[in-house]
Amino acid sequence: MYTITLLPGDGIGPEVIAGAVHVLQAVQEQHTGVRFVLREAPFGGSACDQTGTPLPEETLQLCLSGDAVLLGAVGGPKWDSLPVHLRPEVGALLPLRKHLEVFANLRPSVIFPALADASTLKREVVEGLDVMVVRELTGGIYFGTKHRETLPDGGVKVVETLEYTTAEIVRVARVAFDLARQRRGKLTSVDKANVLESSRLWREVVSEMAGEYPDVELNHMLVDNCAMQLVRYPKQFDVLLTENMFGDILSDQASQLTGSIGMLPSASLGGKVGLYEPIHGSAPDIAGQDVANPIATILSVAMMLRFSFNLPEAANSVERAVSRVLEEGYRTADIMQPGMRQVGTKEMAELIGVRL
Ligand code: NAI
Ligand code: MG
């Protein structure tokens, strides 16, 4: 029995989570002995409306006491003007990651064969692409100290600090080395070691760990070059390891190679409870219209089955079902192509569910 805390959140969050729940129920029917207990909690802007805070204490306790968390998305224009600590991203998402101690964020950029023409890049550049970005998630400049002061001349000075310790680098690098070992044996560690002291430490620590992984081929790449290589020849990469802010930017870039942000899942690991979420936001422009692509969230469920519940067969079956539905020509609006059949959020989830 696995207990999953559902945080639908805002915008399209509730719609894509409903699609994922449909698939979880189908997994339960197909795999004897597998049972999910689902409980839902308020989170994000809608939680702030209901309770006055975007991360209510009861929600946090539910998340900490379950086996995994499945999150939709948070935020939207309605909450943009709130004081910073009440804003869904800063007041809910960052503290949730910190409390769960999920220091390793895994974002796979995979091209489904049926979508090789859906990318903005040429088919030959992206066809067969399978890159895993491992982003450090609970350290670095996003969690550093922030300082703002007005200067005597009336100007403003801000200071943000970037800190990393050896231990923080080792634990996330280990996740990346282990993944590379299970995949194609190649790890690219991305930093800015020509300029930043934190990157020099990053490079030293990762290089030293390579001795424990003789079967993994390690190379180092500067972040600006990596950004260029990702659009030039992305298939050179297997696992990409990087710190928090570089990873934020590079993983969005890598995601776009696959055609739509609506396709890409993520897993955040490291603590007792894994956090799973699509990489997209709350998409207020399409919320409530049954047009959002639920596949990113459904593939996040597959990652949950694999990483938190050790059910690789069930995870594979979800991924195969997604692939089949795409091969059969079903598309949500964001990945629609000529001659294909357009379906809504709910129907897409149902089509995947019956193919498990
Ligand atoms: P977004 O990811 O919500 O939307 C970007 C574009 O992609 C929009 O045109 C949207 O319609 C489209 N899109 C996103 N997900 C889709 C899906 N599943 N199917 C089809 N189309 C999809 O990013 P945006 O517009 O920058 O942010 C909107 C709100 O979401 C903001 O309040 C932002 O802060 C928040 N946000 C929340 C995140 C989270 O909860 N993890 C992550 C990113 C943004
Ligand atoms: Mg981002």
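The values are calculated or read from the model by the stated rules, or taken from the named source; none is laboratory data. Only a predicted model underlies this, so the values are computations on that prediction, with no experimental measurement involved. As a convention, Cβ positions derive from the backbone with ideal geometry for all residues, glycine included, and neighbour counts pool all protein chains shown.
Could you say whether any residue in the stretch 328-346 is without any contact (Cβ under 8 Å) to a residue 60 or more places away in the chain, over 19 Å from residue 110 (Cα atoms) and β-branched (Val, Ile, Thr)?
Yes, there is a match, as at least one residue in the stretch 328-346 is without any contact (Cβ under 8 Å) to a residue 60 or more places away in the chain, over 19 Å from residue 110 (Cα atoms) and β-branched (Val, Ile, Thr).
Going through the stretch 59-105 one residue at a time, which ones are in a helix (DSSP H, G or I) and either of a type in the set (S, T, N, Q) or outside the structural domain of residue 1 (by TED's automatic domain parsing) (or both)?
Initial filter on the stretch 59-105 (in a helix (DSSP H, G or I)): 59-65, 77-79, 84-86, 88-100.
Answer for the stretch 59-105, where residues must be in a helix (DSSP H, G or I) and either of a type in the set (S, T, N, Q) or outside the structural domain of residue 1 (by TED's automatic domain parsing) (or both): 59, 61, 65.
Give me the residue from the stretch 303-356 that is of a type in the set (Gly, Ala, Ser) and assigned to a loop (DSSP other than H, G, I, E, B) and, out of that set, nearest to residue 258 (Cα to Cα). Show your work before the answer.
Let us first name the residues in the stretch 303-356 that are of a type in the set (Gly, Ala, Ser), namely 308, 314-315, 317, 321, 323, 329, 333, 339, 344, 349, 353.
After this cut, where a residue has to be assigned to a loop (DSSP other than H, G, I, E, B) as well, the list is 308, 329, 339, 344.
Details: 308: 25, 329: 17, 339: 20, 344: 20 Å.
Step by step, filter the stretch 303-356, then rank; the result is 329.
Could you tell me whether any residue of the stretch 67-76 is farther than 19 Å from residue 310 by Cβ, more than 21 Å from the chain's Cα centre (by Cα) and not aliphatic (A, V, I, L, M)?
No - not one qualifying residue is present in the stretch 67-76.
Checking the conditions here, which among 338, 312 is closer than 25 Å to residue 36 by Cβ and surrounded by fewer than 18 Cβ atoms within 10 Å (Cβ to Cβ)?
Numbers: 338 fails: closer than 25 Å to residue 36 by Cβ.
Unique residue meeting the criteria: 312.
Can you tell me which residues in the stretch 266-282 are among the small types (Gly, Ala, Ser) and either over 16 Å from the mean Cα position of the chain (by Cα) or part of a strand (DSSP E or B) (or both)?
Answer for the stretch 266-282, where residues must be among the small types (Gly, Ala, Ser) and either over 16 Å from the mean Cα position of the chain (by Cα) or part of a strand (DSSP E or B) (or both): 267, 268, 274.
Residue-by-condition table, conditions (1) charged (D, E, K, R); (2) in contact with a helix residue (DSSP H, G or I) (Cβ under 7 Å, 6 or more places away or on another chain); (3) within 16 Å of ligand 1 (Cβ to nearest atom):
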residue: 235; (1), (2), (3): yes, no, no
residue: 238; (1), (2), (3): yes, yes, no
residue: 261; (1), (2), (3): no, yes, yes
residue: 269; (1), (2), (3): no, yes, no
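Cβ-Cβ under 7 Å, sequence separation 6+ or interchain: first residue in the stretch 257-283 and over 28 Å from residue 125 (Cβ atoms) and of a type in the set (A, V, I, L, M), partner part of a loop (DSSP other than H, G, I, E, B) and more than 6 Å from ligand 1 (Cβ to nearest atom). Which pairs?
From the stretch 257-283, the pairs are 269/102; 273/66; 273/67; 275/102.
List every residue pair whose Cβ atoms sit under 6 Å apart, with the two residues 6 or more apart in sequence or on different chains, where the first one lies in the stretch 35-58 and is farther than 14 Å from residue 13 by Cβ and assigned by TED's automatic domain parsing to the domain that holds residue 83 and the second, anywhere, is in a strand (DSSP E or B) and of a type outside the set (Ser, Thr, Tyr).
Once the first residue is farther than 14 Å from residue 13 by Cβ and assigned by TED's automatic domain parsing to the domain that holds residue 83 and sits in the stretch 35-58, its partners that are in a strand (DSSP E or B) and of a type outside the set (Ser, Thr, Tyr) give 36/4; 38/4; 38/6.
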